[in-house]
Amino acid sequence: MEMKELKFDIFKEGPLVKSVSITKIMPCMAEEGRVKLAMQLDSTLDQVMPTFASKFPPGKVNYIPHKKILTLNTHERVISFFPSGKIMMMNTRDPEEGIEIITGFMEKINQCYLESESGNGGEDLSEKLSKIGPLNLYNCLPQTNCEECGTATCMAFSMKLLSGDSTLKQCKPLLKAENSGKLNSLRELLGDQLMESLGWVGN
Ligand code: SF4
């Protein structure tokens, strides 16, 4: 539908992105009654894209490094981020819902920018992400099948970690002293950024 561009100033003091505009509202082919939104951030994303891509579980991300295009399967829809700052969001109820969702991503983008500026970000983890499978993760878990995480087996939990349906913090036994070796091997496998991406919140 034809429309006047709608601009939303979200983060007045944002270090990289401050505002987002909805440039087009289209019918969504995926579900009747829903819309597809085209949006434009007020900054390009080239610099932060590799760090931004590393913030999500592998099962939720499709990242094309040479084009710096990131597609996420999240919030029950597909959202694509382009290096120009363009965003496409499918299957959305209305513009208000789209802005609410994109505000959270803008906050994450600004965090990634600060990390890259301080020299702590920018590591391209896409290759590392593509090599991590459920067995790699399983080998670093306690392997007791205790079900404390709400999943029947440690192997099933590994698969849910990669798909983004479970988070590492749900495996409480990893914090026990007897599992410190497992935790260390997990840190070695993933590194700090991917530990965080998979939902680790401990030290
Ligand atoms: S809580 Fe940890 S050790 Fe227990 S089943 Fe889940 S993944 Fe395995």
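Might you report the magnitude of the Cβ-based charge dipole of the chain about its Cα centre, with Lys and Arg at +1 and Asp and Glu at -1, to the nearest 20 debye? Provide the component values of the computation, followed by the final result.
Details: 23 positive and 26 negative charges, 63 e Å.
Using Cβ point charges on Lys, Arg, Asp and Glu, the chain gives about 300 debye.
Mind checking the per residue accessible area of region 132-197 for me, 1.4 Å probe, whole number of Å²?
On a per-residue basis, 51 Å².
Could you state the number of Å between the C-alpha centres of region 161-203 and region 1-65?
Taking the Cα centre of region 161-203 as reference, the centre of region 1-65 is 29 Å away.
I'd like the orientation of helix 180-197 relative to the chain: the angle between its Cα long axis and the longest Cα principal axis, in ° from 0 to 90, rounded to 10.
0
Using a ≥ b ≥ c from the Cα gyration tensor of the chain (square roots of the eigenvalues), is it rounded, prolate or oblate, where a/c under 1.5 gives rounded and otherwise the larger of a/b and b/c decides, a/b for prolate? Before the final figure, lay out the partial values.
Details: a/c = 2.47, a/b = 1.75, b/c = 1.42.
The shape class here is prolate.
Probe radius 1.4 Å, ligands and nucleic acids ignored: give me the carbon and sulfur share of the accessible area of the chain as a rounded percent. Spell out each step's value before the answer.
Details: 5420 of 10720 Å².
The value for the chain is 51 percent carbon and sulfur by accessible area.
Which one, MET195, PRO27, CYS154, projects farthest toward the positive side of the charge dipole computed for the chain from Cβ point charges (K/R +1, D/E -1)?
After comparing all options, I get CYS154.
Under the rule of at least 5 residues apart or a separate chain, name every residue whose amide H is placed under 5 Å from the amide H of PHE8.
Amide H neighbours of PHE8, under 5 Å, 5+ apart: VAL20, SER21, ILE22.
The values are calculated or read from the model by the stated rules, or taken from the named source; none is laboratory data. For clarity, every value in this text was computed on a predicted model and none was experimentally measured. Because the Cβ atoms are built from the backbone with ideal geometry, glycine has one as well, and the counts that use them run over all protein chains shown. Areas reflect the complete protein model, heavy atoms only, side chains present, ligands, DNA and RNA absent. Shrake-Rupley method; radii C 1.70, N 1.55, O 1.52, S 1.80 Å.
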